[in-house]
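Worksheet: one structure, shown below.
The values are calculated or read from the model by the stated rules, or taken from the named source; none is laboratory data. Bear in mind the structure is a predicted one, so any value in this text is a computation, not a measurement. Calculation scope for accessible area: heavy atoms of the full protein, side chains included, ligands and nucleic acids excluded. Shrake-Rupley method; radii C 1.70, N 1.55, O 1.52, S 1.80 Å.
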Amino acid sequence: MDYKKKMLRDDALKGKTIVVTGGGSGLGKAMTTYFLELGANVVITSRNIEKLQAVKIELEEKTGGNVLPVQCDVRHYDQVEAMVKASVEEFGKVDVLLNNAAGNFISPTERLSANAFDTIIDIVLKGTKNCTLAFGKHWIDKKEIDKVVLNIVTTYAWTGSAYVVPSATAKAGVLALTRSLAVEWAKYGMRFNAIAPGPFPTKGAWDRLLPGDLKEKFDLAKKVPLKRVGEHQELANLAAYLVSDFSAYVNGEVITIDGGEWLKGAGQMNMLEEIPEEMWDMLEAMIRSKKGK
Ligand code: HXC
Ligand code: NAP
């Protein structure tokens, strides 16, 4: 099976301008690359302008597309407003906002300072709110329609998760924002969706979340029923579909792409997977013998 294959046809995003927060690294960079290959202009934003400028050169050379790098810390509304302005000045309009930027650290919650907790909430929830509000107001003001906001959450947005509590709290808020505005702002011609990725190896997330030999100790692929981690192109395929006109009737949805990981943790009897095939005859006989007793 070739799950690294590119899904959409070459011009699927032609004429669209897409803003990707955190577009200079990890999954943001992978999605940016594919959007460019599909004909979109892409604005990549993060705190580190040198990194963004290097990625612009790399991706323009690789794809022949147009990239605008903009320094913007999503925690600060004035910087976000300046980013909206710079994007519109460069490309005339913006069609898609992809809220991808995030911060996270693993820690017992009682070890976190109030400022540490706030830092994650501010990047993930407040940052997504800042970008969404700034673009939403802009589109409403200009009476521009057919706009898309795509938010990257996690599967623990609805299950919660120990040891990443600020991130789980913030991602749950982002999911609520997604579903709420999918209804409220549909009348302005906007639609809102989210993607909940399972484990997709990236330097940013994995070096921080599983430092040192924790990567070997907790092999995340083993937690996935499909027994592998995600490929960046698989996520890029889904994101490209969700920001394209092909998904025009998809609104307020969160699509999980995790190989079945979170459900494996949830199903009460899923641990029976540990039982070897040859034991089932014996177990069935034992269960049947209880009939009528
Ligand atoms: C506890 C920590 C900490 C840690 C920093 N702090 N690191 N506390 N454990 N590991 C505390 C600091 O002491 C400080 O509190 C406060 O947090 C802010 O720290 P700063 O260094 O000033 O913050 P900043 O420079 O803004 O950096 C943000 C960051 C950083 C989140 C801390 O890691 C970052 O830039 N991350 C971006 C990349 C990232 O995290 N990607 C992962 C996304 S993956 P005090 O009280 O001392 O002032 C994801 C889902 C993955 O979201 C799911 C995978 C399966
Ligand atoms: P990553 O490589 O660490 O990317 C995070 C990005 O956010 C970086 O480009 C970073 O750029 C940017 N960023 C951080 N703080 C910012 C701020 N204050 N303002 C603006 N930009 C900021 O992580 P990733 O793995 O690609 O994650 C991408 C998204 O997928 C995140 O939303 C994450 O929660 C989600 N996710 C990832 C996984 C996974 O397995 N990788 C699983 C579930 C969900 P700068 O440092 O230059 O600012």
- Helical mean residue ellipticity (222 nm; -39500 (n - 2.57) per DSSP H run of 4+; nearest 500) of the chain: -13000 deg cm²/dmol
- How far is helix 77-91 tilted, in degrees, relative to the longest principal axis of the Cα atoms in the chain, given as a value from 0 to 90 rounded to the nearest 10? 70 degrees
- Task: Would you rank ILE49, ILE18, ILE145 by solvent-accessible area, highest first, keeping every protein chain in place and using a 1.4 Å probe?
- Result: ILE145, ILE49, ILE18
- Helix 232-243 axis, angle to the chain major axis (alpha carbon atoms, nearest 10°): 60 degrees
- Task: Would you mind telling me which residue in PRO166, PRO211, PRO199 has the biggest mean-square fluctuation in a Gaussian network model of the chain, where springs connect alpha carbons within a distance under 10 angstrom?
- Result: PRO211
- Query: Between rounded, prolate and oblate, where does the chain land on the alpha carbon gyration tensor, with a ≥ b ≥ c its root eigenvalues, rounded for a/c under 1.5, else prolate if a/b exceeds b/c?
  - Reply: prolate
- Query: Can you pull the Rg over Rh of the range 1-160, Cα-only, Kirkwood?
  - Reply: 0.99
- So, how do all the Cα-to-Cα distances of the range 105-173 break down into 10 Å bins, in percent, from 0 on up? 20, 41, 23, 13, 3
- Task: Would you list which aspartates and glutamates come within 18 Å of LYS5, measuring only between C-alpha atoms, while excluding same-chain residues fewer than 8 positions from it?
- Result: GLU37, GLU231, GLU234, ASP258
- Item | Whole-Hz ³J(HN,Hα) from phi, Karplus 6.51 cos²θ - 1.76 cosθ + 1.60, for the range 127-143, glycine and proline x | x, 5, 4, 4, 5, 5, 5, 5, 5, x, 4, 4, 5, 5, 4, 7, 6
- What lysines sit close enough to LYS223 to cross-link, taking a C-alpha to C-alpha distance under 24 Å and skipping anything fewer than 8 places away on the same chain? LYS4, LYS171, LYS203, LYS215, LYS264
- Message: Quick check: with the 1.4 Å probe, what order do LEU242, LEU27 take by accessible area, largest first?
- Response: LEU27, LEU242
- Straight-line reach check, LYS142, cutoff 18 Å on alpha carbons, 8 or more apart in-chain or any other chain, hits among lysines -> LYS16, LYS85, LYS93, LYS187
- Message: Looking at the chain as a GNM with Cα springs under 10 Å, which of GLU89, GLU110, GLU58 has the largest mean-square fluctuation?
- Response: GLU110
